[in-house]
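Data block below; observations after.
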Amino acid sequence: MRCCSTSKGVKKGRTWAYVRDQRPWSGAAPPGVTYQFAPDWKEEHVRHHLRRSGGILQADGYKGYAKLYLPEPDGSPARFREAACWAHLRRDFHDVWQSTKSEIAREALDRIKPASSCC
């Protein structure tokens, strides 16, 4: 997203979308979404946006989410549990299969396919 002009051109910003939907677990809260703008792609924005949240987090492969799944510095459990994305995992196996024709990668693709609606 274009956010501002500089002497070197246009600077890109980032709009983060956070969605909550508890319906699959019979949650009482209605689904919702919030959008947060940041002037760059730094992971500090993710930590700030989710500072009062916890639970299960499904996110893309952006490395800024990784620290959210780690235990807290005081040793208490992580605030978030990762709900990994089958599409991202499948892509890694697909790349290995394409380049090496590895039987292990082929088996992984075959096993992931029934578990994922994206494949």
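The values are calculated or read from the model by the stated rules, or taken from the named source; none is laboratory data. Given the structure is predicted, the values throughout are model-derived calculations rather than measurements. Using ideal geometry, Cβ is built from the backbone for each residue, glycine included, and neighbour counts are taken over all protein chains shown.
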Has segment 41-48 got any residue that is under 12 Å from residue 16 (Cα atoms), of a type in the set (A, V, I, L, M, F, W, C), in a loop (DSSP other than H, G, I, E, B) and touching a Phe, Trp or Tyr at 6+ places or on another chain (Cβ under 7 Å)?
no
So which residues in segment 5-23 are more than 23 Å from residue 44 (Cα to Cα) and modelled with pLDDT of 85 or more, if there are any at all?
21, 22, 23
Test: residue 74 is outside any helix (DSSP H, G or I) and at pLDDT below 90:
no
Counting only residues that are hydrophobic (A, V, I, L, M, F, W, C), closer than 30 Å to residue 104 by Cβ, in contact with a Leu (Cβ under 9 Å, 6 or more places away or on another chain) and outside any strand (DSSP E or B), how many does segment 49-67 have?
1
Looking at residue 77, is it over 15 Å from the mean Cα position of the chain (by Cα) and either touching a residue at least 40 places away in the same chain (Cβ under 8 Å) or under 25 Å from residue 45 (Cα atoms) (or both)?
yes
Counting only residues in segment 85-119 that are modelled with pLDDT of 80 or more and assigned to a loop (DSSP other than H, G, I, E, B), the one farthest from residue 66 (Cα to Cα) is identified as 101
Kindly check whether there is at least one residue in segment 6-25 that is in a helix (DSSP H, G or I), under 18 Å from residue 85 (Cα atoms) and among the aromatic types (Phe, Trp, Tyr).
no
Six or more apart or on different chains, Cβ atoms under 8 Å: show the pairs whose first residue is in segment 100-119 and within 14 Å of residue 89 (Cβ to Cβ) and whose second is assigned to a loop (DSSP other than H, G, I, E, B) and at pLDDT below 80.
109/119; 112/119; 113/119
Is it the case, given these coordinates, that residue 40 is farther than 24 Å from residue 81 by Cβ, among the charged types (D, E, K, R) and outside the structural domain of residue 92 (by TED's automatic domain parsing)?
yes
For segment 85-117, name all the residues that are under 27 Å from residue 18 (Cα atoms) and either of a type in the set (Ser, Thr, Tyr) or loosely packed, with under 11 Cβ neighbours inside 10 Å (or both).
115, 116, 117
Residue that is within 22 Å of residue 77 (Cα to Cα) and either loosely packed, with under 13 Cβ neighbours inside 10 Å or not assigned by TED's automatic domain parsing to the domain that holds residue 76 (or both), where the choices are 52, 47, 23
52
